[in-house]
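What follows is a set of notes on a single structure, which appears directly below.
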Amino acid sequence: MWYGVCSLGEVGSCGSWIPYKKFCRSFLKLLVCVLAFITSPISWAADYNLFIETGTVNVSASPETGNGAITIPVWSYTDVNGGTATLPGTLLESVEGGSITVSVRNNHNRSHNFVVQGLTSDTTAIQPGQTRNYTINTPTAGVYLYSDTLNSNVNRALGLFGALVVRPSGGVKRAWTGGPSFNQERLWVINDLDKPRWTDVANSGGTVNTSVYKPNYFFMNGMNGFQAMGDAATNLEGSVGETFLVRIVNAGQFDQSLHFHGNHFLTISRNNTRLTTFEWQDTINVKAGTTAMVLYTLEQPGHYPMHVHTAQLETGNGVYLNGTAAMIIAH
Amino acid sequence: MKLNQYSIRSCATILVALAALSANPMTMAMHRGGGGGGGGGGGGTTIPVLNATNVSLSVSSLTRTMSDGQNVNFWVFCQGGMGGMGGGGCTLPSPVLELGVGQTANVSLNMMMAPQEPSPYNGHTIHPHGLDVPTSEDGVPETGASVNGDTYTFSVDSRYVGSHAYHCHVHTVKHLEMGMYGAFIVKDGNRISSGGPTYDYEWNMVLSTVDPAYHTATGDSTVFADYNPRYYLVNGQEGLSTGAPAETFTAATGKKVAIRLIGMQSVNSTFRIRNASGSYQSFTIYNKDGFALSSPQTVTSADVSPGQTMDVMVTLPSSSSSWYPQVTYKNLRNGGSYSNGTVYTRLNF
Ligand SMILES: [Cu+2]
Ligand SMILES: [Cu+2]
C-alpha cells in the first residue's frame with residue numbers, strides 16, 4: 001500500500017523519512033502517506049526491510065566484582081528506519097525450499113553491503129542513503145551468517161552481521177526435513193570485538209590497522225556473559241529429556257571453542273554441511289565466520305555453564321565470566 | 001610455615017622425585033602399557049598416574065625455568081595431603097587420573113597450604129572436564145561448588161571410555177593457565193574406546209600454552225583481555241626440535257600405541273606424526289571428547305581445539321625407527337603459526 005502510494009519516486013527513497021517528507025508536500029498526500037505508514041509501517045514489497053544504523057551495545061558489570069560496565073558503539077542492521085542499532089542484526093527466517101526478499105537501506109554515512117554466506121553473491125556496495133533489494137533462495141535448512149563483507153572485516157567487526165534461520169516447512173520441529181527432531185530451539189550468534197584498535201578507530205572515522213586484531217569483548221546474542229547467563233531466550237532451560245537444537249553463528253574473527261557442561265551433545269552440521277554420522281562432543285570449535293548446529297539433550301537435572309575454553313574469551317576486557325557464555329538448566 | 005618452591009631443572013631431578021613416589025606402587029605408575037607391558041617415558045618428564053577411586057590432591061606452586069631462561073610460576077595439583085611441601089612429586093601437568101568403567105571416583109582436594117588468589121577468586125576446585133558429572137561434583141563455584149576443598153564422587157558409563165581432563169574451575173582464565181590441569185582417563189582394560197580395539201601402549205599428551213603475564217596478574221586485570229602465548233608445551237615440556245623432543249616414548253615394533261591428546265591450551269592446535277623420512281604418517285581417530293566415533297577416521301592431521309580431547313592409534317612398523325608426533329599451536333584469528341609454536345616429541349621403536 002504505502003509502497004504503491006509513494007512509488008512515484010525511486011524505490012530506494014521510499015524507506016527514508018527525508019525524501020518521504022519531500023514527496024508528501026500537500027497536506028492531503030501527507031495524510032494518505034501517514035495513514036499508509038501507520039497501518040503498514042514496513043509495507044515494502046520485501047519480506048524484510050533492514051536499515052543500517054549506528055547504535056551501542058551495553059556491557060554490564062560483573063555482579064561478583066562490580067567491574068566491567070561499559071557502552072560500546074556499534075553499526076548494525078535493524079528493522080526500524082532511523083532506529084538504534086544493537087547486536088546482532090535483525091533475525092531473518094525462511095523455510096526450506098522457499099525464498100525471502102530483503103531490502104536493505106543504508107542510513108549510515110559510509111558504504112556497506114549485505115551478503116548471506118553461501119546463499120547470495122551480490123557484494124555491491126550500498127551507498128549512504130541508498131537501498132538495495134535481494135532475493136534469497138533457501139533450499140537447505142540450517143543457519144546462515146549474513147554480514148557486510150566490505151572494508152577488510154572492519155564493518156563486520158563493528159557489528160554489521162546477523163543470522164538467517166531456515167527451517168523445514170510445515171512447522172515441524174526437525175533440524176531439516178527428515179532430519180533429527182527437537183523440543184526447543186535456540187540461536188546463538190557470537191562475536192568478538194577489539195574496542196581500542198578497531199571499534200573506536202573506525203567509529204571515529206580513522207583507518208584501522210587490520211594487521212593487528214586483539215579482541216577484548218565477546219558477546220553471546222549481543223550480550224556479555226553475565227547478561228547472557230540470565231537470558232531465557234539464550235539459556236537451555238527445560239525438563240530432563242528435552243532436546244534443544246542450538247544453531248550457532250560465529251560472526252566474529254576469532255575461532256571459539258564452546259565447552260558444554262552437563263552432558264555431551266551431538267554435532268549434526270558444520271557450516272550447513274550435514275554430518276553423515278553425527279558426532280558426540282563436549283566442546284565444539286566454531287571457526288570465525290562459520291556456523292554449526294548441535295543437539296543438546298538435558299540428561300540430568302542441575303545447573304551447568306556453557307563457556308568458551310579459551311583464556312580471554314572467558315572475559316569481557318579481563319572481567320571474568322563476562323565473555324561468551326550461557327547456562328544450561330535442567331529440571 | 002612458608003611453602004617451599006622449587007625448580008625442575010633437569011630430568012635427573014624428576015627421576016629422583018619419582019623414585020621417592022614410587023615407594024607406593026599402588027597409586028603410582030609410569031606410563032603403563034595397556035596389556036603388553038610398559039612403554040618408556042623419558043627425555044622429558046614423567047607424570048604420575050593415579051587411581052581416581054581414592055586419591056587426594058593438594059595444590060602447590062612450582063617454578064619452572066623455560067628455554068629462554070625465564071622463570072614462570074605455576075600452580076599444580078599434587079598427589080598427597082599438603083601442597084607438595086617442597087618435596088618431589090609435583091609436576092606440570094598435574095597427575096594423570098584413571099578410572100575404570102563401573103568404578104566410583106573419590107577425588108579429594110585438600111586446600112592446606114594452597115597458593116591462591118584474593119577474594120572473590122580465592123580457593124580452588126576440581127572440574128571433571130568431559131565427564132558430565134552432576135552439578136554437586138562439577139567444581140564450578142558459580143553453581144555452588146566449595147572453593148575450600150571437597151571430595152568429588154562420581155562414576156561414568158562405558159560411553160566415556162577414553163580421554164578427558166580435570167582442572168580447577170575458579171577464575172578459570174587464570175587458574176587453568178597456571179597449570180591446574182591434568183588428564184583424566186576412563187578405562188575399559190586396554191580398549192582405546194567404547195567397543196574399540198585394544199592397544200599395547202598408551203601415551204598421554206597434555207597440550208598447553210603459557211602466557212607468562214597471566215601467571216603474575218590477578219583479579220579482573222586487563223592482562224586477561226589478551227592472550228600472548230610465549231611457551232608451547234606437551235606434557236609440560238617445550239620440545240623445540242626433533243633433536244630436543246618434549247618427551248621420548250619407547251615401544252616395541254609392530255605394536256599398537258594409543259596416543260591421547262588432551263587440549264588444555266588456549267589457542268588452536270594441530271596434531272601430526274612425522275616419520276623418519278619427513279613425511280606425515282597416518283593415524284586413526286577413535287574418540288573425540290572421550291566418546292567413540294561411529295566410524296574411526298584415518299587421517300594425517302587432526303585439530304584439537306581448546307577443551308577438546310582426542311584418542312588416536314598408530315600401529316608401528318615391523319622394523320625399528322623413530323617417529324616424531326608433533327603439535328603445532330595456531331592463533332585463533334586465522335590459524336597462523338607462532339614462532340617456536342611446534343612442539344616435537346619422539347617415538348622410538
Ligand atoms: Cu584454582
Ligand atoms: Cu574444562
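The values are calculated or read from the model by the stated rules, or taken from the named source; none is laboratory data. From a predicted model like this one, the values you see are computed outputs, not experimental measurements. All Cβ positions, glycine included, derive from the backbone under ideal geometry; neighbour counts span all protein chains shown. Just so you know, the surface numbers come from the protein's heavy atoms only, side chains and all, with ligands and any DNA or RNA stripped out. Shrake-Rupley method; radii C 1.70, N 1.55, O 1.52, S 1.80 Å.
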Look through B:D311, B:D303 and report the one residue that is among the acidic types (D, E) and in contact (Cβ under 8 Å) with a residue 40 or more places away in the chain. B:D311
If we keep just the residues of the stretch B:252-286 that are surrounded by 23 or more Cβ atoms within 10 Å (Cβ to Cβ) and part of a loop (DSSP other than H, G, I, E, B), which is farthest from ligand 2 (Cβ to nearest atom)? B:V267
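Quick grid of which residues meet (1) at pLDDT 95 or above; (2) over 26 Å from B:G239 (Cα atoms); (3) of a type in the set (A, V, I, L, M):
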position	(1), (2), (3)
B:Q70	yes, no, no
B:F74	yes, no, no
B:C90	no, no, no
B:V101	yes, yes, yes
B:A105	yes, yes, yes
B:P115	yes, yes, no
B:H124	yes, yes, no
B:P128	yes, yes, no
B:P134	yes, yes, no
Among the residues of the stretch A:264-282, which ones are under 22 Å from the mean Cα position of the chain (by Cα) and either closer than 19 Å to B:L131 by Cα or outside any strand (DSSP E or B) (or both)? A:T267, A:N271, A:N272
Is there a residue being of a type in the set (D, E) and surrounded by fewer than 23 Cβ atoms within 10 Å (Cβ to Cβ) anywhere in the stretch B:221-243? yes
Quickly run through the stretch B:198-217 and pick out the residues that are outside any strand (DSSP E or B) and either away from ligand 1 (no atom under 16 Å from the Cβ) or over 21 Å from B:C90 (Cβ atoms) (or both). B:Y199, B:D200, B:D211, B:P212, B:A213, B:A217
B:T298 vs. criteria touching an Asp or Glu at 6+ places or on another chain (Cβ under 7 Å) and away from chain A (no Cβ under 14 Å): no
If the requirement is being more than 12 Å from chain A (Cβ to nearest Cβ), at negative phi and among the aromatic types (F, W, Y), which of these qualifies: B:Y160, B:Y166? B:Y166
Restricting to the stretch A:276-305, give me the number of residues that are of a type outside the set (V, I, T), open to solvent by less than 20 Å² (accessible area, probe 1.4 Å) and either under 27 Å from A:R156 (Cβ atoms) or within 10 Å of chain B (Cβ to nearest Cβ) (or both). 9
Can you tell me which residue in the stretch B:124-149 is farthest from ligand 2 (Cβ to nearest atom), limited to those that are of a type in the set (A, V, I, L, M) and open to solvent by 10 Å² or more (accessible area, probe 1.4 Å)? B:V147
Name the single residue that is least open to solvent (accessible area, probe 1.4 Å) among those in the stretch B:313-332 being in a loop (DSSP other than H, G, I, E, B) and farther than 30 Å from B:D132 by Cα. B:L316
Go through the stretch A:62-78 and report how many residues are open to solvent by 40 Å² or more (accessible area, probe 1.4 Å), assigned to a loop (DSSP other than H, G, I, E, B) and in contact with a Gly (Cβ under 9 Å, 6 or more places away or on another chain). 2
For B:Y152, are the conditions met, namely being more than 17 Å from the chain's Cα centre (by Cα), open to solvent by less than 10 Å² (accessible area, probe 1.4 Å) and more than 9 Å from ligand 1 (Cβ to nearest atom)? yes
Over the stretch A:227-255, the set of residues surrounded by fewer than 22 Cβ atoms within 10 Å (Cβ to Cβ) and assigned to a helix (DSSP H, G or I) is A:Q227
Being closer than 25 Å to B:R64 by Cβ and either within 15 Å of ligand 2 (Cβ to nearest atom) or free of Cβ contacts under 8 Å to residues at least 24 places away in the same chain (or both), is that true of even one residue in the stretch B:193-206? yes
Looking at the stretch A:256-275 only, could you name the residues that are within 9 Å of another protein chain (Cβ to nearest Cβ) and open to solvent by 10 Å² or more (accessible area, probe 1.4 Å)? none
Residue within the stretch A:175-197 that is in the same structural domain as A:F218 (by TED's automatic domain parsing), surrounded by 20 or more Cβ atoms within 10 Å (Cβ to Cβ), in contact (Cβ under 8 Å) with a residue 24 or more places away in the chain and out of contact with any strand residue (DSSP E or B) (no Cβ under 7 Å at 6 or more places or on another chain) present: yes
For the stretch B:176-197 the number of residues that are surrounded by fewer than 24 Cβ atoms within 10 Å (Cβ to Cβ) and either within 10 Å of ligand 1 (Cβ to nearest atom) or among the hydrophobic types (A, V, I, L, M, F, W, C) (or both) is 0
If we keep just the residues of the stretch B:155-165 that are hydroxyl-bearing (S, T, Y) and within 16 Å of ligand 2 (Cβ to nearest atom), which is surrounded by the fewest Cβ atoms within 10 Å (Cβ to Cβ)? B:Y160
For residues that are under 26 Å from A:R247 (Cα atoms), open to solvent by 30 Å² or more (accessible area, probe 1.4 Å) and assigned to a strand (DSSP E or B), tally how many sit in the stretch A:100-132. 1
If B:S318 satisfies all but one of (1) without any contact (Cβ under 8 Å) to a residue 40 or more places away in the chain; (2) under 17 Å from B:T250 (Cβ atoms); (3) small (G, A, S), what's the number of the condition it fails? (1)
Is it the case, given these coordinates, that A:V308 is more than 10 Å from chain B (Cβ to nearest Cβ) and open to solvent by less than 10 Å² (accessible area, probe 1.4 Å)? no
Hits in the stretch B:298-312 - residues which are over 13 Å from the mean Cα position of the chain (by Cα) and either part of a loop (DSSP other than H, G, I, E, B) or within 12 Å of ligand 2 (Cβ to nearest atom) (or both): B:T300, B:S301, B:V304, B:S305
